[in-house]
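Novice: Dropping the structure in here first, questions after.
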Amino acid sequence: MWFLLALGSAIFAALTSILAKIGIEGVGSNLATAIRTMVVVIMAWGMVFITHQQAGIKDISPKCWIFLILSGLATGASWLCYYKALQMGDASKVVPIDKLSVVITLILAFVFLHEEFTLKSVIGCILIGAGTLLMVL
């Protein structure tokens, strides 16, 4: 099931890039990000209430609050950078560079989460990096 959800994520992320590139024309990148964020907030809270998870708010530990807030700040910074880059550049070049986050995530997971970094992971990172370079040249 996780594979299907991850695939869905990739498909929706691809749609996000194309729809955003079309929608951002003539709109300031910060305003476009704010509009997108507002839609995401409404959708996310809607899912919380539809699935009856709102009672779990009181059970979130202070550590989890801190890291969820930091994650939200990182997401916001990512979206602001992404929309400005998308406004200034071609989607076919911006998106592959944005997807270097896969390589960066693997490295950070190894350093901070002590996850396994195998030969397969190293080769994958090299191939993703080389593929990205090939696409943006």
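Rule-based calculations on the coordinates, nothing more; no lab input. Since the model is a prediction, treat every value here as computed from it, not as a measurement. Cβ sites come from the backbone with ideal geometry, for glycine too, and all protein chains shown count toward neighbours.
Novice: With labels modelled as points extended 7 Å from the Cα through the Cβ direction, what inter-label distance (nm, one decimal) is found for residue 1 paired with residue 137?
Specialist: If labels sit at residue 1 and residue 137, their model points lie 4.4 nm apart.
Novice: Could you tally the net charge around residue 24, taking each other residue with its Cβ under 10 Å from the Cβ of residue 24, Lys/Arg +1 and Asp/Glu -1? Provide the component values of the computation, followed by the final result.
Specialist: Working: positive: 21, 36, 84; negative: 25.
Local charge sum for residue 24: +2.
Novice: Determine, for the chain, the count of lysine pairs separated by eight or more sequence positions (or lying on different chains) whose alpha-carbon distance falls under 24 Å.
Specialist: Values: 21/84; 21/93; 21/99; 84/93; 84/99; 99/120.
Count of close lysine pairs: 6.
Novice: Go ahead and estimate [θ] at 222 nm for the chain from helices alone: -39,500 (n - 2.57) per DSSP H run with n ≥ 4, summed, over the residue count, rounded to 500.
Specialist: When only DSSP H runs of four or more count, the value is -27000 deg cm²/dmol.
Novice: Let me ask another. Using the reciprocal of the averaged 1/r over all distinct C-alpha pairs, how large is the Kirkwood radius of the chain in Å?
Specialist: Averaging 1/r across every pair of different Cα atoms and inverting gives 17.4 Å.
Novice: With a length cut of 18 Å (Cα positions projected on each helix's long axis) and a Kyte-Doolittle mean of at least 1.0, go through the chain and give me the DSSP H helices that pass. Working shown, then result.
Specialist: Numbers: long enough: 2-23 (30 Å, 1.78); 29-50 (31 Å, 1.66); 62-88 (39 Å, 0.84); 119-136 (26 Å, 2.04).
Span-like helices in the chain: 2-23, 29-50, 119-136.
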